[in-house]
Structures are given as structure tokens and as C-alpha cells.
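Down below is the structure, laid out as C-alpha cells.
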Amino acid sequence: MEKATMKLTRKIQLLVDLPTKEERKEALDTLYQWQNRCFRAANLIVTHLYVQEMIKEFLYLSAGIHYKLGDEKKDELGILQRSRINTTYRVVSDRFKGEIPTNILSTLNKTLITSFNKDRPEYWKGECSLKNFRRDMAFPFSLELVSGLHYDDEKNAFCFSLFQIPFRTYLGKDFTDKRKLLERVVAGETKLCTSHIKLRDGKIFWLPVFEIEKDEHCLRPEVIAEASLSLEYPIVVKSGNNRLTIGTKEEFMYRRLAIQAARRRAQEGATFSKSGKGTKRKLKAVNSFHQKENKYIRHRIHVYSKRLIDFCIKHQVGTLILVNQKDKIGIAKAEKFVLRNWSYYDLIIKIKYKAEKAGIELLAE
């Protein structure tokens, strides 16, 4: 039976809730240290997992050797001194002992093992490269470490403690469902799962994972809708005699090209901008246009995908088919201009997420 729940990830900015600047800086430095150790530990873990998986290839120098990746105490053919899960954990825990909480290492180890087992067939066939983690990666932690989550009326924020460091959320002008999700967690109506902390440019971002129930709609699985994603019209969907065109080329493509042209003009004029504080001040206008393009595309994609799912719900569509996507992706890869400005991979991801939330089965041809 299909699960009636799904997991959502949101991005929420956090502020260290300490009185003095020195204490806040010390807490931030600690988080940066944990991020660095987590980055190094993640690369170590996946390297050891790959070596363990490919150890059969390394034994060609010896003949008649039988082995099994298991605990030697439980299996006579086992070549490990402990369980396979514990091997990678002990490697990173012994190396970074006292420099990072063990809960982070344990959660990271479990997450990477699950991910590695999922991608193992591709590794074996040589169709997928081993994951490589960057220094600014988000580090995970389990739910048990989030203590005292509550809403503070005086601070107008949700407050909690993590690793004995007090935090409060900064939602700003939130027009999404972040506040509602946190309120439901506080009320015990929504479950909070393993989450992450990400640091960027001196800011702290919390990536909480919420387990919510899927929306219930009166859908009929036998009713099928076909959606086509193209460059002329972002989405064209039809179900029976009902047809809807979502978005236009002028609305999506030309607006994006206009923002890119404005950014190029800003780059040309940056030479004559006052420096003051170096390149940051000179490129201030250029960076603002870059953010405008990303925000515009992200907003349009959300609007298009929502209108598609609303159309399906209105006509009780239980199955949504994205037709001829492989051919169109091939065309996009062949044309650099289309590949640069198409953005339909992100659109498909948004459609998949909204369809799953609404209980609609999504198929791609």
C-alpha cells in the first residue's frame, strides 16, 4: 500500500541566540569547524565504502582466497573486525574524535551508506562516478538533538537548542508554508526528521525535513492527462476535451534574456564603478541581476507547475503523462542556447513534487 505521507525540505535562516557578539562569533566558528570535519569525513567514508565494494578486484594477485565483507566473529569467511556499518564510522570517529559531535558522524555515516547502496549498481558498471563532497556541504544531525522547540512571542521567532547552542529562526517576509509547518511541529501534528545545517557567507541555514500527509483529492486513476513541455509554450496539457496552455515564450524566455542583457551591460560598466571595498562593491549591480534571474525563473517554474496540478485536480486526473520528453531533452543538449535557457529539468522536478503531494501518478515518456 502506498504511503500516505511524504517528506518536504525547507530552507530557514537561523540566528545564534546569544547576548554578546563574542559568544555568537565563537558559536559560528564552532559550526564552521564541524562543517569542515564533516566534509573531510564524508569523502573518507565514500572512499572506504568503494574500496570495500571493489575489494574483489584487488584480490587478483592471490589465488584461492575466499572472503566476505562481514564480521569475522560471526562468519568464518569474514575479513572485517566489526560490522561493515561500524567500520566506516570507526574510521572517522577515531580520526576526528573531540573535534565534532559523534551524532553528526553517525548520522552522516548512515546517510552515505544508504546513498552508496542505492548507487552501487551504477558504480559497478562504471556508469556513475563516486560522489565528491565540497567544503560548504551541509552537515546532518538527528531529531533527538533539537530540544525546546517553541514559539517566542517577544522575539517573534521559533527558538530551540542544538548541541547546547541556542538558535532562533529568521523567517522575514515569509510567503511560503515554513511558519505553518513549524507551528504544526510545535503542536505535535507534523513529524520532524533528520535535518541539516548549511553555512554560507557567514549565515546559518537550517534545512529541516518535515513528514506530512499527502493532500486528499477526489481523483480517478483512469482519467489521464498528457502534458507537453516545449520552448514555445512552457506547458501544454490536455485531458479529454479539456486543454490548457500554461505560459508563453515571450513571458518566460524573453524576460530571462532581458535580464541577461542587463547583467552584461552592468558587467561592462563595472570597470568604471567606484571600488571602495574592492570587487564586492564593483560587482554589486552584476550580482543583483544574477539573483534577479534566478528568482524570476524559480517563481515562474513554481507558477507553471502549480497551474498544471490545479488543472489535474479540477478535472479529477489521476495519471499525468509527460510526453516526448527524451526527444526534447536531446534537442536541448544539442543546442547550447536552448540548454542554457530551457530550465525544464527544474520544472519537471517541481511537477513531480507537486504531483506526489496531490496523489497524482506521474509518468514520463
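Answer yes or no as to whether F252 is open to solvent by less than 40 Å² (accessible area, probe 1.4 Å), among the aromatic types (F, W, Y) and not in a strand (DSSP E or B). Spell out the reasoning first.
Numbers: open to solvent by less than 40 Å² (accessible area, probe 1.4 Å): yes; among the aromatic types (F, W, Y): yes; not in a strand (DSSP E or B): yes.
It is true that F252 is open to solvent by less than 40 Å² (accessible area, probe 1.4 Å), among the aromatic types (F, W, Y) and not in a strand (DSSP E or B).
With the condition kept exactly as written, say whether any residue in the stretch 95-108 is in contact with a His (Cβ under 9 Å, 6 or more places away or on another chain) and surrounded by 14 or more Cβ atoms within 10 Å (Cβ to Cβ). Steps first, please.
First, pick out the residues of the stretch 95-108 that are in contact with a His (Cβ under 9 Å, 6 or more places away or on another chain): none.
Checking the stretch 95-108: not a single residue is in contact with a His (Cβ under 9 Å, 6 or more places away or on another chain) and surrounded by 14 or more Cβ atoms within 10 Å (Cβ to Cβ).
Scan S129, S115, S147 and give me the residue that is surrounded by 13 or more Cβ atoms within 10 Å (Cβ to Cβ) and hydroxyl-bearing (S, T, Y). Write out each step before concluding.
Details: S129 fails: surrounded by 13 or more Cβ atoms within 10 Å (Cβ to Cβ); S147 fails: surrounded by 13 or more Cβ atoms within 10 Å (Cβ to Cβ).
Exactly one residue qualifies, and that residue is S115.
Looking only at the stretch 210-243, which residues are under 30 Å from K110 (Cα atoms) and either open to solvent by less than 20 Å² (accessible area, probe 1.4 Å) or without any contact (Cβ under 8 Å) to a residue 60 or more places away in the chain (or both)?
F210, I212
Whether any residue in the stretch 158-170 is over 19 Å from I351 (Cα atoms), touching a Phe, Trp or Tyr at 6+ places or on another chain (Cβ under 9 Å) and polar (S, T, N, Q) is what I want to check. Break it down into steps so the answer makes sense when it comes.
Looking only at the stretch 158-170, we keep the residues that are over 19 Å from I351 (Cα atoms), and these are 158-170.
From what's left, touching a Phe, Trp or Tyr at 6+ places or on another chain (Cβ under 9 Å): 158-163, 166-169.
Narrowing further to those that are polar (S, T, N, Q): 161, 169.
There is at least one residue in the stretch 158-170 that is over 19 Å from I351 (Cα atoms), touching a Phe, Trp or Tyr at 6+ places or on another chain (Cβ under 9 Å) and polar (S, T, N, Q).
Return a yes/no flag: does the stretch 144-152 have any residue that is within 25 Å of the chain's Cα centre (by Cα) and not aliphatic (A, V, I, L, M). Please lay out each step first, then the result.
Taking the stretch 144-152 as the starting set, the residues that turn out to be within 25 Å of the chain's Cα centre (by Cα) are 144-147, 149.
Pick out the ones that are also not aliphatic (A, V, I, L, M) and you get 144, 147.
Within the stretch 144-152 (the criterion being within 25 Å of the chain's Cα centre (by Cα) and not aliphatic (A, V, I, L, M)), the answer is yes, since at least one residue qualifies.
Would you mention how many residues in the stretch 124-183 are among the hydrophobic types (A, V, I, L, M, F, W, C), touching a residue at least 60 places away in the same chain (Cβ under 8 Å) and more than 21 Å from V209 (Cβ to Cβ)?
Within the stretch 124-183, residues that are among the hydrophobic types (A, V, I, L, M, F, W, C), touching a residue at least 60 places away in the same chain (Cβ under 8 Å) and more than 21 Å from V209 (Cβ to Cβ) number 2.
Among the residues of the stretch 316-326, is there at least one that is in a helix (DSSP H, G or I), closer than 23 Å to I349 by Cα and under 26 Å from the mean Cα position of the chain (by Cα)? Break it down stepwise before answering.
Let us first name the residues in the stretch 316-326 that are in a helix (DSSP H, G or I), namely 325-326.
Of the ones still in play, those that are also closer than 23 Å to I349 by Cα are 325-326.
Next, only the ones that are under 26 Å from the mean Cα position of the chain (by Cα) stay: 325-326.
Looking for residues that are in a helix (DSSP H, G or I), closer than 23 Å to I349 by Cα and under 26 Å from the mean Cα position of the chain (by Cα), one finds at least one in the stretch 316-326, hence yes.
Please verify whether I212 is touching a Phe, Trp or Tyr at 6+ places or on another chain (Cβ under 8 Å) and of a type in the set (A, V, I, L, M, F, W, C), treating the condition exactly as stated.
Working: touching a Phe, Trp or Tyr at 6+ places or on another chain (Cβ under 8 Å): no; of a type in the set (A, V, I, L, M, F, W, C): yes.
Against the criterion (touching a Phe, Trp or Tyr at 6+ places or on another chain (Cβ under 8 Å) and of a type in the set (A, V, I, L, M, F, W, C)), I212 does not qualify.
I'm trying to understand the selection: among the residues of the stretch 213-236, which are in a strand (DSSP E or B) and more than 20 Å from L322 (Cβ to Cβ)?
Going residue by residue through the stretch 213-236, those that are in a strand (DSSP E or B) are 213, 220-228, 235-236.
Hit for the stretch 213-236 is E213, nothing else.
Quick one: F272 ticks every box in (1) more than 26 Å from A355 (Cβ to Cβ); (2) surrounded by 16 or more Cβ atoms within 10 Å (Cβ to Cβ) bar one, so which box is it?
(2)
Picking from R307, R265, R281, which residue would you name as being open to solvent by 70 Å² or more (accessible area, probe 1.4 Å), at pLDDT 80 or above and more than 30 Å from the chain's Cα centre (by Cα)?
Numbers: R307 fails: more than 30 Å from the chain's Cα centre (by Cα); R281 fails: at pLDDT 80 or above.
Within the list R307, R265, R281, the selection yields R265.
Could you list, in sequence order, all residues of the stretch 150-178 that are of a type outside the set (A, V, I, L, M) and open to solvent by less than 30 Å² (accessible area, probe 1.4 Å)? Can you show your working first?
Restricting attention to the stretch 150-178, the residues satisfying the condition of being of a type outside the set (A, V, I, L, M) are 150-156, 158-161, 163-164, 166-170, 172-178.
Passing the criteria: F158, C159, F160, F167, T169.
Report whether or not L181 is closer than 14 Å to I12 by Cβ, open to solvent by less than 70 Å² (accessible area, probe 1.4 Å) and in contact with a helix residue (DSSP H, G or I) (Cβ under 7 Å, 6 or more places away or on another chain). Give the steps one after another, and end with the answer.
Working: closer than 14 Å to I12 by Cβ: yes; open to solvent by less than 70 Å² (accessible area, probe 1.4 Å): yes; in contact with a helix residue (DSSP H, G or I) (Cβ under 7 Å, 6 or more places away or on another chain): no.
Judged against the criteria, L181 is not a match.
Please count how many residues of the stretch 1-42 are part of a helix (DSSP H, G or I) and either without any contact (Cβ under 8 Å) to a residue 24 or more places away in the chain or open to solvent by 50 Å² or more (accessible area, probe 1.4 Å) (or both).
We begin by selecting, within the stretch 1-42, every residue part of a helix (DSSP H, G or I); these are 21-42.
When the remaining residues are screened for being either without any contact (Cβ under 8 Å) to a residue 24 or more places away in the chain or open to solvent by 50 Å² or more (accessible area, probe 1.4 Å) (or both), the result is 21-26, 29, 32-33, 40.
Summing the residues that are part of a helix (DSSP H, G or I) and either without any contact (Cβ under 8 Å) to a residue 24 or more places away in the chain or open to solvent by 50 Å² or more (accessible area, probe 1.4 Å) (or both) in the stretch 1-42 gives 10.
The values are calculated or read from the model by the stated rules, or taken from the named source; none is laboratory data. Since the model is a prediction, treat every value here as computed from it, not as a measurement. Cβ sites come from the backbone with ideal geometry, for glycine too, and all protein chains shown count toward neighbours. Remember, those area values only see protein heavy atoms, side chains included, never the ligands or the DNA or RNA. Shrake-Rupley method; radii C 1.70, N 1.55, O 1.52, S 1.80 Å.
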